[in-house]
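Below is one structure; the comments refer to it alone.
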Amino acid sequence: MKYKSCFAYLLLSVALTSTACMAEAEQNQQPEQCQAWPAWHAFNKNLITKDGRVIDPSTDFLYTTSEGQSYGLFFALVANNQPLFNKLLIWTQNNLSQGDLTARLPAWQWGKRKDDSWGVIDSNSASDSDLWITYALLEAGRLFKDKRYTALGKLLSQRILREETTDLPGLGPTLLPGPVGFHPDEKTWRLNPSYVPIQVLRALYHHTHNHKWLTLIQSSQQLLIQSAAKGFAPDWINYHAQNGFELKGEGSFDAIRVYLWAGMMHKDDPLQQAQLNQFKPMLDYLAKHAVPPQSIDIISGKNKGVGSVGFSAALLPFLASSNAAAQLEQQKLRLVARPLSENPNDYYDQVLGLFGQGWIDKRFSFDKEGRLLPAAGTVCP
């Protein structure tokens, strides 16, 4: 069995590499008409290296994270760019998973070390990135009609369930932020609401038919609703075995994605309306303020600083799905007055813009089962 496993992995690696090479050669043979997507073109040009590494230039050590790779895979899929998808996948496998995504989850952080060498800086995995990588693979198997992606996605989905979930008292099977470091004492767990986009969990159930994903959807909805008791999502929150969620903290760079994921859910998803209702205080905040907060206390509602234009972009789907026309127009105007293109090397703002503005502009959407619905055609490279 050991030799068969090694042989199967060799075939997978060779097949992916061969596909990337052939597809790259064919990349110049684009359709006569293809869609322009300036924001994606800029991201691809400025933040993705030729060998498929997504870089965060704002850091001194030019970090790459599994998050960045996962989002790169997702948008390469939206853009119908299989050559780039393969480059991103091969780089992720070779550098974050020691050459084998079938054997281990990707390390979350890679970059220049203090001794000037390059490589993995933190080998712990991040479950949100792992979810998005798995989602991208399973959806690539469907959209690119390639069962190798599907097989790899199913293997990763199994590993997530084994290594990044636990059964919490009163909450049930729950997604942890990573395999280690989020269980500070015997009765406390640290969770991140932005790590559980419901549409992604739904798609993983649809592809695998593993009912544990359904239980994770239920616990994730509880996490999203109960951690935002006053309507503001936290970045991080502690869960205690006896007392449930410890309602304190702030919502900022992580939490902004909670509103983003909620807004992009399909209107027929039975869990969306509960989220939109719970997060209504953010609508009320935006009705009184011109811009979203950079950080907000989840209980008092006291804000600190001004959220970036990326925050405004992230809120567009939430405002549209909430039928908040005035607040939606306000944030759109801000993005016209201060376009994201002014800061093309701001990795996180660019990601938020690709999601929020891309969804608003109908470049992609999700169906009620969480499957990706990209706009028809191919995005020009």
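Summary of computed values
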{"quantity": "Residue pairs meeting the criteria (Cβ under 7 Å; at least 6 apart or on separate chains; first without any contact (Cβ under 8 Å) to a residue 40 or more places away in the chain, in segment 108-136; second surrounded by 24 or more Cβ atoms within 10 Å (Cβ to Cβ) and assigned to a strand (DSSP E or B))", "calculated": "G119/W110; V120/W110"}
{"quantity": "Listing of strands (runs of 3 or more DSSP E) fully contained in segment 142-204 that carry 1 or more residues being farther than 23 Å from F364 by Cβ, more than 18 Å from the chain's Cα centre (by Cα) and of a type in the set (S, T, N, Q)", "calculated": "165-168, 188-191"}
{"quantity": "Residues being closer than 16 Å to V200 by Cβ and not hydroxyl-bearing (S, T, Y) - total across segment 218-253", "calculated": "4"}
{"quantity": "So S18, is it modelled with pLDDT under 95, farther than 18 Å from P83 by Cα, surrounded by fewer than 17 Cβ atoms within 10 Å (Cβ to Cβ) and among the hydroxyl-bearing types (S, T, Y)", "calculated": "no"}
{"quantity": "Test result for L352, hydrophobic (A, V, I, L, M, F, W, C), in a helix (DSSP H, G or I) and either crowded, with 20+ Cβ neighbours inside 10 Å or under 21 Å from the mean Cα position of the chain (by Cα) (or both)", "calculated": "yes"}
{"quantity": "Conditions (1) surrounded by 17 or more Cβ atoms within 10 Å (Cβ to Cβ); (2) within 23 Å of G170 (Cβ to Cβ); (3) in contact with a strand residue (DSSP E or B) (Cβ under 6 Å, 6 or more places away or on another chain); number of the one not met by E246", "calculated": "(1)"}
{"quantity": "Total residues in segment 244-290, condition part of a loop (DSSP other than H, G, I, E, B) and of a type in the set (F, W, Y)", "calculated": "2"}
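For (1) surrounded by fewer than 20 Cβ atoms within 10 Å (Cβ to Cβ); (2) more than 24 Å from L138 (Cβ to Cβ); (3) touching a residue at least 24 places away in the same chain (Cβ under 8 Å), each residue gets a yes or a no:
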| position | (1), (2), (3) |
| --- | --- |
| L333 | yes, yes, no |
| Y347 | no, yes, yes |
| D361 | yes, yes, no |
| L372 | no, no, yes |
| A375 | yes, no, yes |
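The values are calculated or read from the model by the stated rules, or taken from the named source; none is laboratory data. Values in this document were obtained by computation on a predicted structure and should not be read as measured data. As a convention, Cβ positions derive from the backbone with ideal geometry for all residues, glycine included, and neighbour counts pool all protein chains shown.
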